[in-house]
1. Within the bounds of region 58-69, is there any residue that is touching a Lys or Arg at 6+ places or on another chain (Cβ under 6 Å), at pLDDT below 95 and of a type outside the set (Lys, Arg)?
2. Criterion first (touching a strand residue (DSSP E or B) at 6+ places or on another chain (Cβ under 7 Å) and either closer than 19 Å to Gly35 by Cα or small (Gly, Ala, Ser) (or both)) does Ser169 satisfy it?
3. Give the residue, chosen from Ala152, Ala148, that is farther than 17 Å from Thr65 by Cα, surrounded by 14 or more Cβ atoms within 10 Å (Cβ to Cβ) and aliphatic (A, V, I, L, M).
4. Residues of region 95-135 being of a type in the set (Gly, Ala, Ser), out of contact with any strand residue (DSSP E or B) (no Cβ under 8 Å at 6 or more places or on another chain) and on the phi < 0 side of the Ramachandran plot, which ones?
5. Tally time: how many residues in region 161-192 are under 14 Å from Trp145 (Cα atoms) and either over 25 Å from the mean Cα position of the chain (by Cα) or basic (Lys, Arg) (or both)?
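The values are calculated or read from the model by the stated rules, or taken from the named source; none is laboratory data. Since this is a predicted model, take the numbers as computed values, not measurements. Heads up, the Cβs are rebuilt from the backbone with ideal geometry, glycines too, and the neighbour counts pull from every protein chain shown.
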Amino acid sequence: MRKLLLAAALVLAVPTVSQAQFGLGVRLGYGVPGGDVVKGGKYTDGIKSSTPIQLDAMFRTGANTAAGLYLGYAVNTLNSDIKASCSALGVSCSSSTFRVGLQFTGEFLDLGLIGLWGGIGTGYESLTIKEELGGAKAEMNLRGWEWATISAGADLKPLKLINAGLFVSYGFGQFRVQSFKVTGYPDETHGIGSDKATHNLFQIGLRGMLNL
């Protein structure tokens with residue numbers, strides 16, 4: 001009798017184990033920043049927009065929920081005034097953003113071929129602006145905590161293995177540390193202190209997910 005009960009328990013456990021799946025995803029989008037990088041300094045004074053790519057590594061925690069990591073990198077488009085100044089001086093100017101953190105997602109409505117989902121994430125964010133002229137380089141970096149990024153989207157589900165569709169997201173956070181690197185000078189790093197301010201980023205784009 002004990003052997004029969006043990007065998008039955010093992011059989012019942014198999015579907016539960018098989019539901020534990022990994023998901024690997026990628027997001028491509030267009031981002032528009034807002035708010036202030038520091039008090040009195042608007043984000044859009046330096047950055048006009050961004051072209052982010054994000055990688056998602058998710059572990060399914062339930063039938064319709066998943067938790068995991070995200071890793072993002074964006075090439076930023078500089079404000080037109082800064083681009084004009086850099087061009088006039090013959091300086092090469094560029095900017096990028098790096099993001100990494102934890103996220104939770106869940107499908108809240110299954111319409112068969114289409115699934116509606118939402119999610120929230122939090123993590124570390126770093127904004128860099130670089131200038132280069134000849135062999136001389138100058139780099140400013142702002143970093144801090146991205147408090148929350150709220151996402152929502154609609155996925156087409158032609159196969160269980162692949163989901164793909166549109167997403168939108170809105171994130172906000174605060175830079176807390178600022179650093180400078182200039183050729184020929186010592187590096188400087190200091191806290192932003194009372195000049196901290198809140199910034200945000202709205203994104204829209206495409207997301208694809210491979211369910212393993």
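1. Checked against the condition, which is being touching a Lys or Arg at 6+ places or on another chain (Cβ under 6 Å), at pLDDT below 95 and of a type outside the set (Lys, Arg), region 58-69 yields no hits at all.
2. Yes; evaluated as a whole, the condition is true for this residue.
3. Result of the check over Ala152, Ala148: Ala148.
4. Gly135
5. Going through region 161-192 one residue at a time, the tally reaches 1.
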